[in-house]
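Inspection log for the structure reproduced underneath, given as structure tokens.
The values are calculated or read from the model by the stated rules, or taken from the named source; none is laboratory data. All of these numbers come straight from a predicted model, not from anything done at the bench. For neighbour counting, all protein chains shown are included, and Cβ atoms are generated from backbone atoms with ideal geometry for every residue, glycine included. Note: accessible area is taken over every heavy atom of the protein model, side chains too, but ligands, DNA and RNA are not part of it. Shrake-Rupley method; radii C 1.70, N 1.55, O 1.52, S 1.80 Å.
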Amino acid sequence: MEDCLAKKMEITVSEAEKRTGRNAMNIQETYTAYLIETRAVESQSEGQCAPVESLWRRYSEFELLRNYLSVTYPHIVVPPLPEKRADFVWHKLSADNMDPDFVERRRIGLENFLLRVASHPVLCQDKIFYAFLTQEGGWKEMVNETGFQLKADSRLKALNATFRVKNPDKRFTELKHYSDELQSVISHLLRVRARVADRLYGVYKVHGNYGRVFSEWSAIEKEMGDGLQSAGHHMDVYAASIDDILEEEEHYADQLKEYLFYAEALRAVCRKHELMQYDLEMAAQDLTSKKQQCEELATGTVRTFSLKGMTSKLFGQETPEQREAKIKVLEEQIQEGEEQLKSKNLEGRDFVKSAWADIERFKEQKNHDLKEALISYAVMQISMCKKGIQVWTNAKECFSKM
């Protein structure tokens with residue numbers, strides 16, 4: 001971790017800007033660009049700060065970077081991007097992806113994504129990631145030159161592997177079930193939070209009615225007027241404070257959403273392992289088939305029904321020379337198949353070792369982050385309740401002085 005990029009470079013997404021331009025289809029579109037600022041962390045002995053470098057990136061470029069990392073490092077739980085459009089929101093919050101409050105939260109999420117990658121012991125060393133942070137032009141060309149899209153596995157192939165693997169690794173099967181359950185639990189938690197936020201919004205805003213009633217009442221009461229007016233003021237301030245409070249609460253919701261999306265990153269690692277296992281089983285099956293064919297040709301016996309066997313019965317047996325030639329070809333294919341199988345076994349073992357090390361790192365990070373997020377959320381709720389008690393304590397004092 002001492003060599004990670006986050007230790008050597010300060011990375012911030014400091015600004016978001018709404019822009020208008022033309023897309024690949026030459027259609028005018030409105031989009032948001034984000035300003036990435038980086039600065040090398042100089043040693044204290046040098047006594048001066050390095051200059052800040054900056055460049056603008058679109059959300060789609062962040063997506064391209066993450067897709068590249070996911071394909072290039074299939075054994076790694078690649079950090080997720082923040083949501084492109086708001087989800088699990090309480091009804092007074094805009095779901096518009098151009099809404100300034102949502103754009104601000106996404107800016108924070110994109111900065112968090114970059115810091116996650118820069119802190120990862122493997123991802124931080126990637127040259128393409130460094131170019132993304134420091135190179136204004138030519139970055140996309142560098143990505144495309146890697147040919148990562150050709151390495152990407154199709155969804156159909158992944159689905160096929162899921163259903164046809166005969167000996168799935170129990171650990172990855174359990175991990176996939178865990179990621180499904182994690183996503184389900186956090187989704188439910190976010191829906192509950194949105195409903196609670198709606199109710200809180202209603203409760204706070206109803207206090208504004210108290211403020212209006214007390215204010216109107218104070219106008220017709222001479223002796224009690226000042227007390228009622230003061231109590232009404234406390235109610236109005238309390239009612240108005242909910243907007244800022246719930247905006248702050250969205251920050252905690254975004255921390256939970258990050259792990260909602262991390263669940264998919266976990267499943268991606270599981271799918272890649274299934275594909276490798278499926279390829280291994282297919283290679284083993286093909287090798288077994290070739291060995292059987294070679295044995296049948298060598299002994300002249302056919303163990304299973306085949307079209308070749310029927311053909312030889314109908315049109316006569318092959319000559320010894322033809323049979324020897326076929327045996328030679330099969331032996332070469334068997335030798336090649338054994339080497340390939342050995343290579344795939346080694347690749348599979350390396351994948352499992354690397355993947356499990358990263359999964360353990362992820363679990364430690366997850367436990368720490370979710371603990372902090374839930375504690376902060378609880379502290380905020382306690383603070384809100386104390387604020388409500390204080391408002392009514394103040395109102396009580398106002399009433400006592402009447």
Inset, instruction - Could you check how much of the accessible area of the stretch 152-242 is carbon and sulfur, as a whole percent, using a 1.4 Å probe? - result: 57
Legend entry - Residue-span extension gain [Q390 to E372] - 0.36 nm each, minus C-alpha spacing: 3.8 nm
Inset, instruction - Express in nm, to one decimal, how much length is gained between T30 and E104 on full extension, taking 0.36 nm for each residue of separation and deducting their alpha carbon distance. - result: 25.0 nm
Legend entry - Positive-end extreme of charge dipole, the stretch 110-154 - chosen from T146, L133, V117 (charges on Cβ): V117
Inset, instruction - Would you list the P(r) distribution for the chain, with all Cα-Cα distances sorted into 20 Å bins from 0 and each bin expressed as a whole %? - result: 19, 39, 25, 13, 3, 1, 0
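For the stretch 321-365, which whole percent of the accessible surface, found with a 1.4 angstrom probe, sits on carbon and sulfur atoms?
Values: 1510 of 3240 Å².
Answer for the stretch 321-365 is 47 percent, counting heavy atoms of protein chains only.
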Inset, instruction - Using the Karplus curve 6.51 cos²θ - 1.76 cosθ + 1.60 with θ = phi - 60°, work out ³J(HN,Hα) for each residue of the stretch 373-380 in order, rounded to whole Hz, and write x for Gly and Pro. - result: 5, 5, 5, 4, 5, 5, 4, 5
Inset, instruction - Find the accessible area per residue for the stretch 66-216; the probe is 1.4 Å, ligands and nucleic acids are left out, and the unit is Å². - result: 55
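Hey, what number do you get for the chain at 222 nm if only DSSP H runs of n ≥ 4 count, each worth -39500 (n - 2.57), divided across all residues, to the nearest 500?
Numbers: 12 runs with 280 residues, N = 402.
Counting only the DSSP helices, I get -24500 deg cm²/dmol.
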Inset, instruction - For the stretch 205-243 and the stretch 341-378, write down the distance between their C-alpha centroids in whole Å. - result: 55
